[in-house]
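Working notes for the structure below.
The values are calculated or read from the model by the stated rules, or taken from the named source; none is laboratory data. Not measured: the values here are computed from a predicted model. In this analysis, Cβ positions are derived from the backbone assuming ideal geometry, glycine residues included, and neighbour counts consider all displayed protein chains. The protein model used for the area step is the full one, side chains on, heavy atoms only, and it has no ligands, DNA or RNA in it. Shrake-Rupley method; radii C 1.70, N 1.55, O 1.52, S 1.80 Å.
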Amino acid sequence: MSKEITSRNSDYSKWYNDLVLKAGLADYSAVRGCMVIKPYGFALWENMRDQLDKMFKDTGHVNAYFPLFVPKSLFEAEEKNAEGFAKECAVVTHYRLKADPNKKGSLMVDPEAKLEEELVVRPTSEAIIWNTYKGWIQSYRDLPLLINQWANVVRWEMRTRLFLRTAEFLWQEGHTAHATEQEAVAEAEQMLEVYAEFVEEWMALPVIKGVKTESERFAGAVNTYCIEALMQDGKALQAGTSHFLGQNFAKAFDVKFSDKENKLEYVWATSWGVSTRLIGALVMAHSDDEGLVLPPRIAPLQVVIVPIFKGEEQKAQIDARVGSLVQELKKAGVRVKYDDNDNARPGWKFAEYELKGVPLRLAIGARDLENNSAELARRDTREKMSVSMDGLTDTILQLLDDIQLRMFAKARDYRDAHIIPADTMEDFLRILDGEGGFVSAHWDGTAETEEAIKEKTKATIRCIPLNNPEENGTCIFSGKPSTQRVLFARAY
RNA sequence: CGGGAUGUAGCGCAGCCCGGUAGCGCGUUCGUCUGGGGGGCGAGAGGUCGCAGGUUCGAAUCCUGUCAUCCCGACCA
């Protein structure tokens, strides 16, 4: 009907856009490259954010907030980082508008209000944060400093896509300072584990933990850890990154501390982040041609109850039955909605809640009242069953758990079936041009080869998996000796 | 920044080639019958045709410019 969505087969990109727009996650805005996150999409982000925030705090971090603007002189202090982001920075040059004398009703930038120093709108906050940390850290007793911030950042992208790449996006960025290298490395690894746990257990999305190659590494980092997920179209998506920054920022911003021997040392740093991009990953990994499929643990709504009735009398009976059930479910911590809006009919509601990916739908009508039953439909398998009203809360709790596990298992099976070894460039390309996925291949370790393969196949090295087995072989491209396979894929 | 496409009612589109004052579906409003998979019937409301110029007696339609968005590339989380 009016909410037909494009099928995955006919046009995957269009399917994704349709889903995001029609399920009410986001909307385009009047600003090029920037989107509006609508209430339903934001509710999803809130659930993700709340859980991540809890996990950060459980690992000893605290939240703070740093400015949106970074003076250019600070921004350029860490050279590699500045260079890496320079091409996509929005810059504030003036601080005032005035009426345009040549055009009535229009405003113009006041040329007399030019800033002495331009302000860079943060593409990431290392610069302003390390400039601040300098004043906070004197002694080893001030360490470690474990701070996270929830913020927006701006990266002026040429080409944008809802959630996956927008000019402005929401994220969290953790920035930590440590007395020793080992401690900082451990922190970066720990946060990678936190991300992996969150994405797998809450978003039901299996990930591969790994390390980036030098050319894919965060600008200014010594080492970049990442979690990589696989979408249904066979393309990979970086779901989160955690960086060991060494002493690069400490040196650039002169952040030193006195150690126990009263020697001055530069501190060791990490930073780590995930963004609203995760919502894009969630959509592309689980959803189907009917709409979103959301994992119960982060679904804004877990259960929707739809009454089916003729006349006020039946409606009142259903209300009474549902009322106590809703109370019970809420007490059990279930996010439930009783949709008794009489403006939409049951069939319409069924389709609408499927589009929105609500994990469970309960329909109750006159027949059910007689039989003390209800019709329960699960979104992931689209399976419908008649269940007893007795013990229904337990039935629902169990099903929600089952959906969560099943969604993960399904995504994991798909992912596992799409990690394919290749030993020739012919195989390599055949896999990518076919169903896609990760191609596990030997690489000689040089940036030149990596670049050449990218040029030829559009595939990049997504990561060198953690605990990657040693295996002697020859580079798939250059034929030079190699000690391990790495994962290639076309990526978002 | 290069290539392609689109802008007409809240949404999706037709009309444009061949100029004559705007139409369809969905939604919406009212009434009614309805209700277990996106309802039926009847009656309404709703549009300076993205914006600015130009050609013409007359422009949604032709011309020029401009803005915006989407898709494909180069860049990136």
Within segment A:401-416, can one find any residue that is open to solvent by 60 Å² or more (accessible area, probe 1.4 Å), at pLDDT 95 or above, more than 9 Å from RNA strand B (Cβ to nearest atom) and over 21 Å from residue A:296 (Cβ atoms)? yes
Residue within segment A:419-432 that is small (Gly, Ala, Ser), under 21 Å from residue A:236 (Cβ atoms) and crowded, with 19+ Cβ neighbours inside 10 Å present: yes
Conditions (1) within 27 Å of residue A:174 (Cα to Cα); (2) away from RNA strand B (no atom under 13 Å from the Cβ) -> residue A:301 fails only (1)
Can you name the residue in segment A:53-71 that is open to solvent by less than 70 Å² (accessible area, probe 1.4 Å) and under 30 Å from residue A:158 (Cβ atoms) and, of all such residues, is farthest from RNA strand B (Cβ to nearest atom)? A:71
Selection count where residues are over 18 Å from residue A:296 (Cα atoms) and part of a helix (DSSP H, G or I), scope segment A:264-280: 1
I'd like to check something: does segment A:256-268 contain any residue that is modelled with pLDDT of 95 or more and within 12 Å of RNA strand B (Cβ to nearest atom)? no
Single match in A:360, A:355 (criterion: modelled with pLDDT of 95 or more and within 14 Å of RNA strand B (Cβ to nearest atom)): A:360
Filtering segment A:329-357 down to residues that are of a type in the set (Lys, Arg) and part of a loop (DSSP other than H, G, I, E, B), which residue is most open to solvent (accessible area, probe 1.4 Å)? A:345
Taking segment A:72-94 and the residues there that are surrounded by fewer than 20 Cβ atoms within 10 Å (Cβ to Cβ), in a loop (DSSP other than H, G, I, E, B) and not small (Gly, Ala, Ser), the one that is farthest from RNA strand B (Cβ to nearest atom) would be A:76
Kindly provide the set of residues from segment A:7-52 that are buried (at least 17 other Cβ atoms within 10 Å of the Cβ), touching an Asp or Glu at 6+ places or on another chain (Cβ under 8 Å) and not in a helix (DSSP H, G or I), ordered by number. A:8, A:33, A:35
Check on residue A:374, within 7 Å of RNA strand B (Cβ to nearest atom) and out of contact with any Asp or Glu (no Cβ under 7 Å at 6 or more places or on another chain): no
Among (1) within 16 Å of RNA strand B (Cβ to nearest atom); (2) buried (at least 18 other Cβ atoms within 10 Å of the Cβ), residue A:156 falls short only on (2)
Go through (1) in contact with a strand residue (DSSP E or B) (Cβ under 6 Å, 6 or more places away or on another chain); (2) within 21 Å of residue A:239 (Cβ to Cβ) one by one and return the number of the condition residue A:97 breaks. (2)
If you take the residues of segment A:291-319 that are at pLDDT below 95 and among the small types (Gly, Ala, Ser), which of them is farthest from residue A:6 (Cα to Cα)? A:316
Has segment A:303-312 got any residue that is under 32 Å from the mean Cα position of the chain (by Cα), outside any strand (DSSP E or B) and farther than 30 Å from residue A:183 by Cβ? no
Total residues in segment A:166-219, condition under 30 Å from residue A:406 (Cα atoms) and acidic (Asp, Glu): 5
What are the pairs, 6+ residues apart or on separate chains, where a residue within segment A:245-257 that is farther than 14 Å from residue A:219 by Cα and open to solvent by 10 Å² or more (accessible area, probe 1.4 Å) has its Cβ under 9 Å from a residue that is at pLDDT 95 or above and in a loop (DSSP other than H, G, I, E, B)? A:256/A:137; A:256/A:138; A:256/A:267
Would you be able to tell me the number of residues in segment A:437-456 that are crowded, with 18+ Cβ neighbours inside 10 Å and polar (S, T, N, Q)? 2
Being open to solvent by 10 Å² or more (accessible area, probe 1.4 Å) and either assigned to a helix (DSSP H, G or I) or outside the structural domain of residue A:249 (by TED's automatic domain parsing) (or both) is true for just one of A:326, A:322, A:283. Which residue is that? A:326
